[in-house]
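Visitor: Quick one: the structure is below, questions incoming.
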């Protein structure tokens, strides 16, 4: 089972992440969106040539996802949603589990 609330995911760019308050669901489908996510997270080094291919092949709860998760944990889902939207990253605020 993955660390994303038990959801079935494909890779670190298509999963739910916990935030400091709430959670965010991202749905990256291209190299351009992966680059936009990296810039939005303040981690442009994650967008090297070939990084999207590597991200798609990474486990949804592996080391790359842990890096992304650590960034999302730093702020609320609402703030992340606004940032992601401004960068053109496909995302939504996820329902929280009770």
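Visitor: Can you tell me which residues in region 43-61 are out of contact with any helix residue (DSSP H, G or I) (no Cβ under 7 Å at 6 or more places or on another chain), surrounded by 14 or more Cβ atoms within 10 Å (Cβ to Cβ) and in contact (Cβ under 8 Å) with a residue 24 or more places away in the chain?
Guide: 56, 60, 61
Visitor: Right, next: Output the number of the condition that residue 96 fails; it satisfies all remaining conditions of (1) under 13 Å from the mean Cα position of the chain (by Cα); (2) not in a helix (DSSP H, G or I).
Guide: Here residue 96 meets the rest and fails (1).
Visitor: Among what's in region 1-28 and is touching a strand residue (DSSP E or B) at 6+ places or on another chain (Cβ under 8 Å) and part of a loop (DSSP other than H, G, I, E, B), pick the residue that is modelled with the lowest pLDDT.
Guide: If we take residues in region 1-28 being touching a strand residue (DSSP E or B) at 6+ places or on another chain (Cβ under 8 Å) and part of a loop (DSSP other than H, G, I, E, B), then 2 is modelled with the lowest pLDDT.
Visitor: Something else about it: For the condition assigned to a helix (DSSP H, G or I), surrounded by 14 or more Cβ atoms within 10 Å (Cβ to Cβ) and touching a residue at least 60 places away in the same chain (Cβ under 8 Å), what is the one hit in 69, 38? Working first, answer last.
Guide: Values: 38 fails: touching a residue at least 60 places away in the same chain (Cβ under 8 Å).
Just one listed residue meets the conditions, 69.
Visitor: Could I ask something else about it? Can you say whether residue 74 is outside any helix (DSSP H, G or I) and surrounded by 12 or more Cβ atoms within 10 Å (Cβ to Cβ), as far as the supplied structure shows? So that I can check it myself, show each step before the final result.
Guide: On the way: outside any helix (DSSP H, G or I): yes; surrounded by 12 or more Cβ atoms within 10 Å (Cβ to Cβ): yes.
So residue 74 fits the description; yes.
The values are calculated or read from the model by the stated rules, or taken from the named source; none is laboratory data. Since this is a predicted model, take the numbers as computed values, not measurements. With ideal geometry, Cβ positions are generated from the backbone for all residues, glycine too; neighbour counts draw on all protein chains shown.
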